[in-house]
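Below is one structure; the comments refer to it alone.
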Amino acid sequence: MPVLVVSQAWTIDDAFHADEYLRLQGLFLAFMRQHPGFRGRQILRSLEDRTHFTHIRSFDSIAAYEELTRFPGYHERIEEMSKHLKPYQSYPREYMEVVIDDLPAQ
């Protein structure tokens, strides 16, 4: 069963900064796909607060995710995306596992 890495982010606004954040996320996907153990991701955007995004990334293991975070260029990309986010006190990330999955296969 894969490990899910879930995090939250709030952009500075719901227009320019949100658009730039999503554009940079699109570029970041190619970087993430280079790494063994990365299975895919979903980025969810709140319908109530258009500055709020939830990231769900799937990896083979926590170690596979942590290896990605040590790869050259990772932190520079995160820093570039963070310029479009409201300041936060700590890294908002949590490791999770699926315990019930009754969604239909796509």
Run the numbers on the range 42-106 and let me know its relative contact order in percent, using alpha-carbon pairs under 8 Å that are six or more apart. 16 percent
Using a simple charge model, +1 on the beta-carbon of Lys and Arg, -1 on the beta-carbon of Asp and Glu, nothing else, what dipole does the chain show about its Cα centre, in debye to the nearest 20? 240 debye
With n ≥ 4 as the cut-off for DSSP H runs, can you work out [θ] at 222 nm for the chain, using -39500 (n - 2.57) per run divided by the number of residues, rounded to the nearest 500? -10500 deg cm²/dmol
Pick from 57, 45, 70: which residue has the top mean-square fluctuation in a GNM of the chain where Cα pairs under 10 Å get a spring? 70
Can you list residues from other chains, or at least 5 along the same chain, whose modelled amide H is less than 5 Å from the amide H of residue 12? 85, 86
With x for Gly and Pro, the residue-by-residue ³J(HN,Hα) of the range 75-84, computed from phi through the Karplus equation 6.51 cos²θ - 1.76 cosθ + 1.60 at θ = phi - 60° and given in whole Hz, is 5, 5, 5, 4, 4, 5, 5, 5, 4, 9
Taking only the alpha carbons of the chain, what extent do you get along each of the three principal axes, in Å, biggest first? 37, 35, 27
Integer Hz, Karplus 6.51/-1.76/1.60 couplings in order for the range 56-73, x for Gly and Pro: 10, 10, 10, 9, 5, 7, 4, 4, 5, 5, 5, 5, 4, 5, 9, 5, x, x
Where Lys and Arg each count +1 and Asp and Glu each count -1, what net charge lies around residue 11 among other residues with Cβ under 11 Å from its Cβ? -1
For the range 23-36, just list the computed ³J(HN,Hα) in residue order, Karplus coefficients 6.51, -1.76 and 1.60, θ = phi - 60°, integers in Hz, with x standing in for Gly and Pro. 4, 5, 4, x, 5, 5, 4, 4, 4, 5, 5, 5, 9, x
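No value in this document is a laboratory result; all are computed from the given coordinates. Everything numeric here is computed off the predicted structure, so don't read it as measured data. Please note: Cβ atoms are built from the backbone with ideal geometry, for glycine as well, and neighbour counts cover all protein chains shown.
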